[in-house]
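Below is one structure, written out as structure tokens, with a few remarks after it.
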């Protein structure tokens, strides 16, 4: 069970995360509204891009980081059966994330850091925006350190024992984040901040983009780690089944660790500073990262089938009907897999060196990452919150029908939002456009798709509001006595684990080694080239 201090710590992380999420959700809907033909153009594109910066920064950096941190602290006590070591440091990390968020968002709200959420020079915003991002990252690095310290303490007390799967997976997310965030940290500290603080007036934009690509795609797998931990360790238990294979789960997490890093240059297929050979190598590894996802789909589907058959399901597909579809966790995992399938299929287009040319910087890309993050990942954030909430508050969470309604609205809203983006993306509609002239006969037929996406976004806002109301109701409901929290149990005892599936030394070495191979050459080449810097463009100035 969680002790009271840890409950407050986890709740603090979750509530700040969900508040940031809802504010960002409103900003996203506003962006779609002002771009639609439902109202006259506001006349100031800077306001649109200011909202995009705030929306992306909150959704991409603050919200998932706090969810991963809070969930990680809960996992330590619930899976290791020990008190969290370093609670004071955990609170310091949390406060740094909050302080960093405020520090970054103030200049964004003032229009001083309208750089979107990608750190792409030569456009450079106010220094406090980048200082705020650095504080968020430093706070999260404290979490990474505490995860390692707590595992060390547990191993010291349990020599030779198998690390519980939830903690093993939790460490995969922590180590992945520590390494992938390093790229953006180097870019900000050594390239952007000297310019933002006035010490330099030029910047190597090509090299900076390569460092940011180090972080840009691997961060997606950091986002999904809490969702995948929920797949393996919460879903089978919640629906009355058992996990098909503990070893398969561990293999999936270590493969994410290895293959998530050396793939970011596929975001730079259109950039000339990286050679075609390195781009091809990153395209290959982008395909490889689908392997742990396929393993996960197989393992969780098998685990769900076990639940259906334990409930009396017979025949090839009778188990599907026998599943507890009234259970919010069952709905969430089904919706997540559907959205993951659509988003992953779109990702195959993005990773192709040739096909990427057709959809690069179009609304296709917007649809793709909203399906993956906003769809497959966030819907599992909802589910794991519902599962943990009674154990965090000590009170009953009685809103089953409302939870199902909320999940259905999020699923339907995400489909309505993203599918039109894929269609118009193929037709060439650019993303990150503040305004469309619908009087243009070439653009006019696409106006209906913008209205449809606005309706989808409205459904998502309603779903997000319901989510917050359900959690608030949980704080005001009846106090109950709860049984000990359990993670999913495996079907069969798989015996002694091999050392490679009970520690991370080998996989960390592979992660770092592949990163050096895939990034070492382009970074070293660009660093040795002369006269590659260009004048920086401060926000608000003309290039």
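The values are calculated or read from the model by the stated rules, or taken from the named source; none is laboratory data. Not measured: the values here are computed from a predicted model. A quick note on method: Cβ atoms are made from the backbone with ideal geometry, for glycine too, and the neighbour counts reach across all protein chains shown.
Looking at 38, 26, which one is part of a helix (DSSP H, G or I), surrounded by fewer than 22 Cβ atoms within 10 Å (Cβ to Cβ), touching a residue at least 60 places away in the same chain (Cβ under 8 Å) and touching a helix residue (DSSP H, G or I) at 6+ places or on another chain (Cβ under 9 Å)?
Criteria check complete, one pass: 26.
Being at pLDDT 95 or above, buried (at least 20 other Cβ atoms within 10 Å of the Cβ) and in contact with a helix residue (DSSP H, G or I) (Cβ under 7 Å, 6 or more places away or on another chain) is the requirement here; does residue 417 meet it?
Details: at pLDDT 95 or above: yes; buried (at least 20 other Cβ atoms within 10 Å of the Cβ): yes; in contact with a helix residue (DSSP H, G or I) (Cβ under 7 Å, 6 or more places away or on another chain): yes.
Answer is yes for this residue.
Exactly one of these conditions fails for residue 91: (1) farther than 12 Å from residue 136 by Cβ; (2) buried (at least 23 other Cβ atoms within 10 Å of the Cβ); (3) modelled with pLDDT of 95 or more. Give me its number.
(2)
From the list 193, 171, which residue is farther than 29 Å from residue 254 by Cα, in contact (Cβ under 8 Å) with a residue 24 or more places away in the chain and either within 23 Å of the chain's Cα centre (by Cα) or assigned to a helix (DSSP H, G or I) (or both)?
Details: 171 fails: farther than 29 Å from residue 254 by Cα.
Within the list 193, 171, the selection yields 193.
So, of the residues in region 490-525 that are assigned to a loop (DSSP other than H, G, I, E, B) and surrounded by 15 or more Cβ atoms within 10 Å (Cβ to Cβ), which turns out to be nearest to the chain's Cα centre (by Cα)?
Step one: list which residues in region 490-525 are assigned to a loop (DSSP other than H, G, I, E, B), which gives 491-498, 502-504.
With the extra rule that they be surrounded by 15 or more Cβ atoms within 10 Å (Cβ to Cβ), the set shrinks to 491, 497, 502-504.
Numbers: 491: 30, 497: 30, 502: 25, 503: 24, 504: 22 Å.
Applying the filter and picking the extreme gives 504.
Could you grab me the full set of residues in region 299-339 that are within 17 Å of residue 409 (Cα to Cα) and either in contact with a strand residue (DSSP E or B) (Cβ under 9 Å, 6 or more places away or on another chain) or part of a helix (DSSP H, G or I) (or both)?
Taking region 299-339 as the starting set, the residues that turn out to be within 17 Å of residue 409 (Cα to Cα) are 325-339.
328, 329, 330, 331, 332, 333, 334, 335, 336, 337, 338, 339, listed by residue number.
Does residue 433 meet the test of being farther than 22 Å from residue 340 by Cα and in contact (Cβ under 8 Å) with a residue 24 or more places away in the chain?
Yes: the conditions hold for residue 433.
Looking only at region 43-53, decide whether some residue is touching a residue at least 12 places away in the same chain (Cβ under 8 Å) and surrounded by 24 or more Cβ atoms within 10 Å (Cβ to Cβ).
yes
Report whether or not residue 397 is in contact with a helix residue (DSSP H, G or I) (Cβ under 7 Å, 6 or more places away or on another chain), within 23 Å of residue 240 (Cβ to Cβ) and not in a helix (DSSP H, G or I).
Numbers: in contact with a helix residue (DSSP H, G or I) (Cβ under 7 Å, 6 or more places away or on another chain): yes; within 23 Å of residue 240 (Cβ to Cβ): yes; not in a helix (DSSP H, G or I): yes.
For residue 397, the condition - in contact with a helix residue (DSSP H, G or I) (Cβ under 7 Å, 6 or more places away or on another chain), within 23 Å of residue 240 (Cβ to Cβ) and not in a helix (DSSP H, G or I) - is met.
Which of the residues belonging to region 196-216 are buried (at least 23 other Cβ atoms within 10 Å of the Cβ) and without any contact (Cβ under 8 Å) to a residue 60 or more places away in the chain?
213, 215
Just one of (1) under 24 Å from residue 389 (Cα atoms); (2) over 23 Å from the mean Cα position of the chain (by Cα) trips up residue 430, so point out which.
(1) is the only condition that residue 430 fails.
Picking from 66, 84, 78, 2, which residue would you name as being crowded, with 16+ Cβ neighbours inside 10 Å, modelled with pLDDT under 95 and under 21 Å from residue 391 (Cβ atoms)?
The unique qualifying residue is 2.
Quick check on this structure: which one of 332, 399 is more than 20 Å from the chain's Cα centre (by Cα) and either over 24 Å from residue 248 (Cα atoms) or modelled with pLDDT of 95 or more (or both)?
So the residue among 332, 399 that is more than 20 Å from the chain's Cα centre (by Cα) and either over 24 Å from residue 248 (Cα atoms) or modelled with pLDDT of 95 or more (or both) is 399.
Between a first residue in region 451-474 that is farther than 23 Å from residue 400 by Cα and a second residue that is at pLDDT below 95 and not in a helix (DSSP H, G or I), which pairs have beta carbons less than 6 Å apart while being 6 or more apart in sequence or on different chains?
Close Cβ pairs (under 6 Å, with a partner that is at pLDDT below 95 and not in a helix (DSSP H, G or I)) amount to 451/36; 454/36.
Could you tell me which of the residues 311, 404 is buried (at least 17 other Cβ atoms within 10 Å of the Cβ), in contact with a helix residue (DSSP H, G or I) (Cβ under 9 Å, 6 or more places away or on another chain), under 27 Å from residue 485 (Cβ atoms) and in contact (Cβ under 8 Å) with a residue 40 or more places away in the chain?
Details: 311 fails: buried (at least 17 other Cβ atoms within 10 Å of the Cβ).
That would be 404, the only listed residue that is buried (at least 17 other Cβ atoms within 10 Å of the Cβ), in contact with a helix residue (DSSP H, G or I) (Cβ under 9 Å, 6 or more places away or on another chain), under 27 Å from residue 485 (Cβ atoms) and in contact (Cβ under 8 Å) with a residue 40 or more places away in the chain.
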